[in-house]
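*Asks:* Here it is, the structure in full.
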Amino acid sequence: FMETFMAFWIFRPAFVAKQSVRQIPFIGRITASTQTLWLDRDNPSSRKQIREEIIRRAEWSGEGAFQRLIIFPEGTVSNGLQVISFSTGA
């Protein structure tokens with residue numbers, strides 16, 4: 001949990017985050033002020049859209065740079081004690 005704050009403090013990045021993060025006091029406002037990519041877990045096409053946007057940003061060569069993008073793949077694939085197996089395409 002603290003690594004998120006440390007990464008934000010050091011790099012001022014954008015994140016890939018589930019949309020419900022917007023509702024978390026303080027954290028939601030901070031992430032909304034960056035170029036965060038919001039994942040809608042109820043929308044099957046959202047993963048594809050996020051993936052395409054990550055690629056677009058990585059390949060961008062135009063004016064203006066995108067903020068660094070941090071992805072925490074273990075997001076909510078934990079049983080509370082340890083990270084469990086990842087699912088392909090998750």
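*Asks:* What length, rounded to one decimal in nm, is gained on full extension from I27 through to A7, with 0.36 nm per residue of separation minus their alpha-carbon distance?
*Replies:* Here the answer is 5.9 nm.
*Asks:* Any idea what % of Cα-Cα pairs in region 5-51 are farther than 18 Å?
*Replies:* Counting every Cα pair in region 5-51, those more than 18 Å apart make up 31 percent.
Coordinate-derived values only; no laboratory data. Please read all numbers here as calculations on a predicted model, not as lab measurements.
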